[in-house]
Amino acid sequence: MNTLRLYDPFSDTAYDHLFRGFFKPVRVAKEGAASFKVDVKEADNTYVVHAEIPGVKKDDIHVTIEGNQVTIAAEVKREAEEKDGERQLRSERYYGAVYRSFVLPVELDETASEAKYENGVLELKLAKKATVAGRKLTIQ
């Protein structure tokens, strides 16, 4: 004969996991800096990168190209604006350093590359370096 068991939905770990993380701060990368989303497309002679970095002034964004490695770093600054009679109950927005670094398959020409920042999206047009044809060695 079957036994009747009571089901308690709150004893299920899925509910506990859902509510446990609700009031925790936003998780950041292991290095201590948050990351941002990046799209990379390849054209004939360029790579086009779109990076979402909202809330940052373009003077606070730094792009470094070393060979085939691209590093995008930015400083998200907090604008403290407290008014009389107000108090902040919760803050989920991240303030501090954000960066992203990735490697592309071909070396890049940093002098021919361009960067544009508009509406929270950084667009990089990274020019590929011209490949030098290999030279055949004659054996003596």
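Some notes on this structure:
- For the stretch 52-107, the candidate set comprises residues that are hydroxyl-bearing (Ser, Thr, Tyr) and over 22 Å from Leu126 (Cβ atoms); within that set, the residue that is surrounded by the fewest Cβ atoms within 10 Å (Cβ to Cβ) is Ser91.
- Strands (runs of 3 or more DSSP E) fully within the stretch 48-129 counting 1 or more residues that are at positive phi and either at pLDDT 90 or above or of a type outside the set (Phe, Trp, Tyr) (or both): 96-103
- Here Tyr117 meets each of (1) surrounded by 12 or more Cβ atoms within 10 Å (Cβ to Cβ); (2) under 19 Å from Ala43 (Cα atoms); (3) of a type outside the set (A, V, I, L, M, F, W, C) with one exception, condition (2).
- Of all residues making up the stretch 92-101, the number that are among the hydroxyl-bearing types (Ser, Thr, Tyr) and closer than 13 Å to Gly55 by Cβ: 2
- Close pairs from the stretch 61-90: first more than 30 Å from Ala130 (Cα to Cα), partner loosely packed, with under 10 Cβ neighbours inside 10 Å and among the acidic types (Asp, Glu), Cβ under 9 Å, at least 6 apart: Gln88/Glu82
The values are calculated or read from the model by the stated rules, or taken from the named source; none is laboratory data. All values derive from a computational prediction rather than experimental measurement. FYI the Cβ positions are ideal-geometry reconstructions off the backbone, even for glycines, and counts take in every protein chain you see.
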